[in-house]
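Have a look at the structure below before the remarks.
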Amino acid sequence: MNQDADVTVVGAGPVGLVLAAELALSGATVQVLERRAEPDEAGKAGAINVPTAEALDRRGLLPAAEQVQRDMVERAGSFARMVGDRPSGGERHAPGGGERGPGGGRRGPGSRFTGHFAGMVLDPDLVDASDPDLAAHTAVDGARLVPQRELEALLAGHVARLGVPVRRGVEVTALEDTRDGVLVGTTAGPVRTGWLVGCDGGRSTVRRLAGIDFPGTDPELTGHLAVADIADPSVLADGWTWSARGAYRYGPQPGRVVTVEFDGAPADRSAPVTLEELQTSLRRVSGTDVTLTALRGAATRWTDNARQAANYRSGRVLLAGDSAHVHSPFGGQGLNLGVGDAMNLGWKLGAVVAGWAPEGLLDTYDAERRPLGAWVLDWTRAQIGVLRGDAKSAALREVVGDLLSTREGTTYAVKKISGVTQRFDLPGDHPLVGRFVPDVWLSDGSRLADHGHGGGFLLLDRTPDGAFARRAAAWGGRVTSVTSVNDDHATPTGVTGMLVRPDGVIAWASDTDGPADTTGLEAALRRWAGAPSSAPAPAPAPAPAERESAG
């Protein structure tokens, strides 16, 4: 079939843009279709986790993300100074009985990012910074407070520099998988593409047209998020506040409000959120007569609908991000889960398009990402159980709050929220295999991430004679070898070599440099990076048992 592109991505949100960029770096021709004529200005996720920040770092986008965080911290600092004469968050309660989570709800300009569990803000002073999982991932600490709108703008520039066309105002209306490609009907005419990836949100048209089921649990709450001009902000507590009617949060930026009401799903999710609707909701949950005078940008409405696609792939149609899984925004996992999907799928689909990997490699996308998606759904469901306004949930909230007020409890929650403990079940016995690569400083003063801006695999070789780099030389077009010997402060300690996939996951690692280790490296290269460049035949598809073990 004649094609307009190797891959067509539907959806120009952060997930679609990350995927398009990764495909372009792999050499695939890619285009993005977006039904909106302009970028979505609604406020959504307020921060990113460690794997997402490290993905930006590996592609040379860390300085831009750090600048976003500096701007955000300054705005939050201005807000903190503005409310500094008011009672502290722990002293404010909603009329009729309310409560605040441990650590309050305010962060100053220099404080560390932690997050919250069911609105209970995690105290950064209780985090054990020496925990090995946290200590191994600190290079991106200055790029975590990146809201979704700013991230999308940053990624749009990245995609534009890579020459990827984004066609706005184009809506998908039909699709047909022809086995050698996909024929896509759109409002701008037919599109022929080798592969189609739906990154078009929880109500994905691509998922529906592909006939992929979307099982899960129904919503029981309606939430709102907006930035508004408030006539009398002093009546609101800054941070999270609960009452029998629901919960709300004011801050950390001036005018930012979130409301949660357990009154079921909204009658019309697609209707624009009005100033009156938001004000009514905020008055109900806060028990105040607060007055909103204007909305700054579009407000959003959300629920705790929790669903996961039955399959992330159907033939030549794949799903990523909210198209594959939806849940409430508590814990800030949704955006990050989607970016992780895109990073995982991007290099694998690019490899299949390039011809050096078989289609069987795509089976590992579903196998690796599905368990993590299921965990995120349960992580958010647990928070809804703690957040409800009934007496039983209030009692449970007291217990969880006590646990989160301990050093061990706070550290546990921060590790989960930050993503530093994520691991995939990949073949290999080394404890680093399947984990995201930690911070690796090299003897020349650079970091391993600095060598990954062009995509592809990274091989760290710390052997005295460069044995690992020599073994990987036949994969030179796909693997960048970085030698670094006699490091004064080598991290990870004792590791002589690591093979890092383009998505930042360690595929092989060794603590020695003997013949068995070079053999293990070659096996990992053949499994993940295909046959050597001198042998054009692609690597055989993983055996069924191997595919299962990849999840």
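Here are some notes:
- Degrees, to the nearest 10: 363-387 long Cα axis against longest axis of the chain: 10
- Computed with a 1.4 Å probe over protein heavy atoms only, the accessible area of L403 comes to about 100 Å².
- For region 304-315, backbone phi angles converted through the Karplus equation (6.51, -1.76, 1.60; θ = phi - 60°) give residue-by-residue couplings of 9, 3, 10, 9, 9, 4, 5, 9, 8, 9, 9, x Hz, Gly and Pro being listed as x.
- Protein accessible area in the chain, 1.4 Å probe - carbon and sulfur %: 52
- Counted by Cβ distance under 14 Å from W195, the other residues give a net charge of -2, where Lys and Arg count +1 and Asp and Glu count -1.
- Rounded to two decimals, the Cα-based Rg/Rh of region 187-234, with Kirkwood Rh, is 1.22.
- Summed residue charge, Cβ within 10 Å of D513's Cβ, Lys/Arg positive, Asp/Glu negative: -3
- Amide H contacts of F117 (H built 1.01 Å from N, in plane; Pro and chain starts excluded): L122 sit under 5 Å, all sequence-distant by 5 or more or on other chains.
- Stretching A188 away from S130 to a fully extended chain increases their span by 15.4 nm, per 0.36 nm per residue minus the current alpha-carbon distance.
- Cα-Cα P(r), region 3-64, percent of pairs per 10 Å interval: 18, 43, 34, 4
- Exposure here means at most 16 other Cβ atoms within 10 Å; with trypsin sites (Lys or Arg not before Pro) in a DSSP loop as sites, the longest stretch of the chain lacking them is 297-551.
- The angle separating the long axis of helix 515-529 from the principal Cα axis of greatest extent in the chain is about 70 degrees.
- Listed by chain and number, the aspartates and glutamates placed with their C-alpha closer than 18 angstrom to that of K392 are E99, E220, E261, D263, D402; residues fewer than eight positions away on the same chain are left out.
- Structure-based [θ]222 nm, the chain - -39500 (n - 2.57) summed over DSSP H runs of at least 4, per residue, nearest 500: -10000 deg cm²/dmol
- In region 436-483 the Cα-Cα distances spread across 10 Å bins starting at 0 as 26, 56, 18 percent of all pairs.
- Rounded to the nearest Hz, the phi-derived 3J(HN,Hα) couplings of region 45-53 under the Karplus curve 6.51 cos²θ - 1.76 cosθ + 1.60 (θ = phi - 60°) are 4, x, 7, 10, 8, 5, x, 5, 4, where x marks glycine and proline.
- A protection proxy built from the mean count of other Cβ atoms within 10 Å ranks the segments 370-379, 505-514, most packed first, as 505-514, 370-379.
- Per principal axis, descending, Cα span of the chain in whole Å: 73, 59, 39
- Note on region 28-67: Cα-Cα pairs beyond 10 Å make up 79% of the total pair count.
- For region 238-251, 3J(HN,Hα) per residue [Karplus equation, 6.51 cos²θ - 1.76 cosθ + 1.60, θ = phi - 60°, Hz, x = Gly/Pro]: 7, x, 8, 9, 10, 8, 5, 8, x, 8, 8, 9, 10, x
- Counting Lys and Arg as +1 and Asp and Glu as -1 over every other residue whose Cβ lies under 15 Å from the Cβ of S533, the net charge comes to +3.
- Counting only alpha carbon atoms, the long axis of helix 334-354 and the longest principal axis of the chain meet at about 20°.
- The relative contact order of region 273-373 comes to 19 percent, based on Cα pairs under 8 Å that sit 6 or more residues apart.
- Heavy-atom accessible area per residue - the chain, 1.4 Å, Å²: 39
The values are calculated or read from the model by the stated rules, or taken from the named source; none is laboratory data. Because the structure is a prediction, the values reported are computed rather than measured. Ideal geometry is used to build each Cβ from the backbone, glycine not excepted, and the neighbour counts take in all protein chains shown. For the accessible areas, the whole protein counts, side chains as well, though only heavy atoms, and no ligand, DNA or RNA atoms are used. Shrake-Rupley method; radii C 1.70, N 1.55, O 1.52, S 1.80 Å.
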